[in-house]
1. Which pairs have Cβ atoms under 6 Å, sit 6 or more apart or on different chains, and link a residue in segment 198-222 that is hydroxyl-bearing (Ser, Thr, Tyr) to one that is in a helix (DSSP H, G or I) and at pLDDT 95 or above?
2. Before we move on, is Ile122 within 17 Å of the chain's Cα centre (by Cα), open to solvent by 60 Å² or more (accessible area, probe 1.4 Å) and farther than 23 Å from Lys76 by Cα?
3. If I ask for residues that are more than 23 Å from Glu119 (Cα to Cα) and surrounded by 23 or more Cβ atoms within 10 Å (Cβ to Cβ), which ones from segment 86-95 would you list?
4. So Val159 passes all but one of these: (1) of a type outside the set (Ser, Thr, Tyr); (2) within 30 Å of Gly42 (Cα to Cα); (3) open to solvent by 50 Å² or more (accessible area, probe 1.4 Å). Which condition number does it fail?
5. Which fully enclosed helices (runs of 4 or more DSSP H) of segment 11-85 have 3 or more residues being open to solvent by 70 Å² or more (accessible area, probe 1.4 Å)?
6. Identify, by number, the condition in (1) at pLDDT 95 or above; (2) on the phi > 0 side of the Ramachandran plot that Gly98 doesn't meet.
7. Looking at Gly217, Gly243 in this structure, which one is crowded, with 19+ Cβ neighbours inside 10 Å, more than 27 Å from Ala24 (Cα to Cα) and at pLDDT 90 or above?
8. Given Ile149, Ile122, Ile177, which one is touching a strand residue (DSSP E or B) at 6+ places or on another chain (Cβ under 8 Å), touching a residue at least 12 places away in the same chain (Cβ under 8 Å) and of a type outside the set (Gly, Ala, Ser)?
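The values are calculated or read from the model by the stated rules, or taken from the named source; none is laboratory data. Nothing here was measured: the structure is a model prediction, and the numbers come from that model. Note that each Cβ is placed from the backbone with ideal geometry, even for glycine, and that neighbours are counted across all protein chains shown. Note: areas computed on protein heavy atoms with side chains; ligands, DNA, RNA excluded. Shrake-Rupley method; radii C 1.70, N 1.55, O 1.52, S 1.80 Å.
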Amino acid sequence: MAEGQLYKKFALYYDKIYKNVDYAGESEFINWAVNKHKTSSGFEIMDVACGTGSHAKILKNSFKVTGVDINEDMIKIAQDKVPEADFIIGNMKDLNIGKKFDVIICIFSAIHYNRDLKELDITLTNFYNHMKDGGILIYDLSFNTENWIEGLVSLDTVVEDKLKIARMCQSQLKNGIFNANFVFLVKDDGKFDFDIDEHELGVFKINDVSDLMEKIGFKTFIYADFKEKKWESGEGQRPIFVGVKNSKQVEK
């Protein structure tokens, strides 16, 4: 499936499927990390792969927000949800906004749309070049070799009076790529629909990503599951990368 088609058919249901995500808690961690690590003077944030704008809706209280997503339908929902923010259709791999930010976030597993270290290098370098000196980058590495469980089945459901949704996926790793084929069954106002939403996601070694961050010029910190606690191997928690742009590093 072309990247621009991701969630194309089911963007309308995105917020219902992810209604239990702790957007407030993740946004609280972002504010904490900014206060702890950022040394640039401004408060402009770019939310890459912003989806329907649920993080932006909270972060607008602390930052001037620019949201970026590859999916036009997601952007339309985000614009309605957060009219105070600016939203742009774009791809993290070749983004060129022409300005620099104090904070860049790319969360909710979005960084995994880079399928290998070469693509990740391009994207992280692009982020670096969109950051002010002393700015920070935050992203989660949800799918990694430390916590991967082969064959794990996930099931998400939505049950409302006129809307029923079941979405199922099984983890299968091949050549470092998680082919996440989400099977959707939807009954909306009495009408049934069925489809498969296909995603190719890179699964990385945490040390490889840390080394890449350092190579690009970031000073890197890794926290555990959007908490004020350093990530440690073997605990099964989601690694949250915080990279500080080194003002002495020459831009790529």
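1. So the pair list comes out as Thr220/Ser210; Thr220/Met213.
2. On the way: within 17 Å of the chain's Cα centre (by Cα): yes; open to solvent by 60 Å² or more (accessible area, probe 1.4 Å): yes; farther than 23 Å from Lys76 by Cα: yes.
Yes.
3. Quick first cut of segment 86-95, residues more than 23 Å from Glu119 (Cα to Cα) only: 86-87.
The one that is more than 23 Å from Glu119 (Cα to Cα) and surrounded by 23 or more Cβ atoms within 10 Å (Cβ to Cβ): Phe87.
4. For Val159, the exception is condition (2).
5. Numbers: elements: 14-17, 23-37, 54-59, 72-81.
So the answer is 23-37, 72-81.
6. The single condition Gly98 does not satisfy is (1).
7. On the way: Gly243 fails: more than 27 Å from Ala24 (Cα to Cα).
The match here is Gly217.
8. Details: Ile149 fails: touching a strand residue (DSSP E or B) at 6+ places or on another chain (Cβ under 8 Å); Ile122 fails: touching a strand residue (DSSP E or B) at 6+ places or on another chain (Cβ under 8 Å).
Within the list Ile149, Ile122, Ile177, the selection yields Ile177.
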